[in-house]
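Below: one structure, written as structure tokens.
All of the numbers you see were taken from the coordinates with simple rules; none came from a lab. These figures come from a predicted structure and were not determined experimentally. Note that each Cβ is placed from the backbone with ideal geometry, even for glycine, and that neighbours are counted across all protein chains shown.
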Amino acid sequence: MIREMREKLGKEIAELSHELAVTLPQAIATAVEMGDLRENSEYKAALERQQFVQARLGQLHQRLNQVSELANTEAPMDRVGLGSRVTVEDSSDGMREEYTLVLAEMMDIDAGHISLASPLGRALVDRRIGEEVTLQLPTMRRSLKVISLITIHQTGGE
């Protein structure tokens, strides 16, 4: 999972780096050739995009560094953490659901991925098998019991 996060971030970094180094300079050069830069909307748009891409690249590089740190610091061996696959049982109806806790960039609700920062993710972090959590949602309150847990360490992590 950590490898997937690195690959996803790396792919976006590569795409934006190419845009910054090749596409945007061409767009700016084309706009400059059109003449008066004070009222040249293409030139202004290209400069704004260039600033955005530079800022986004900074964020992505920072996030890439954080992924490695998170893998080591937020993945406990015996409790729910980053990369854990956890099965919970709803105490009201006995329904079981399985989730994998991921970073926001990897979230895919259809695949059962939930973000560590989501209300459910925050409620489950640091829980052990057999522990119950109460989740206060806007329209209801849920009580869930951790039934099974496979940590990132047990799956190989990378």
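Observations
- Between LEU135 and MET77, the distance separating the two model label sites (each 7 Å from Cα on the Cα→Cβ line) works out to 2.9 nm.
- Proximal aspartates and glutamates relative to LYS8, as straight alpha-carbon distance under 13 Å, when same-chain residues fewer than 8 apart are discounted: GLU105
- Note on the range 85-155: Rg/Rh from Cα positions, Kirkwood definition for Rh, rounded to two decimals, is 0.94.
- Kyte-Doolittle mean at least 1.0 and Cα axial length at least 27 Å: DSSP H helices in the chain: none
- Stretched out straight at 0.36 nm per residue, the stretch from ARG142 to GLU4 would grow longer than its current Cα-Cα span by 46.5 nm.
- Using just its DSSP H runs of length 4 or more, each adding -39500 (n - 2.57), the chain gives a mean residue ellipticity at 222 nm of -14500 deg cm²/dmol after division by all residues.
- For the peptides 35-42, 97-104, residues were scored by their other Cβ atoms within 10 Å and the scores averaged per peptide; the highest-first order is 97-104, 35-42.
- Within the range 113-154, trypsin sites (Lys or Arg not before Pro) in DSSP loop having at most 13 other beta-carbon neighbours inside 10 Å: ARG128
- Modelled this way, with points 7 Å down the Cα-to-C-beta line, the labels at ASP36 and ALA104 are 4.3 nm from one another.
- Summing charges over neighbours of VAL133, with a neighbour being any other residue whose Cβ is under 13 Å away from its Cβ, gives +1 when K and R count +1 and D and E count -1.
- Set against the 2.2 N^0.38 Å expectation for a compact globular protein, the range 2-73 has a Cα radius of gyration ratio of 1.45.
- Amide H contacts of HIS113: THR100, ASP108, each under 5 Å away and 5 or more positions distant or on a separate chain (H built 1.01 Å from N in the peptide plane; Pro and chain starts excluded).
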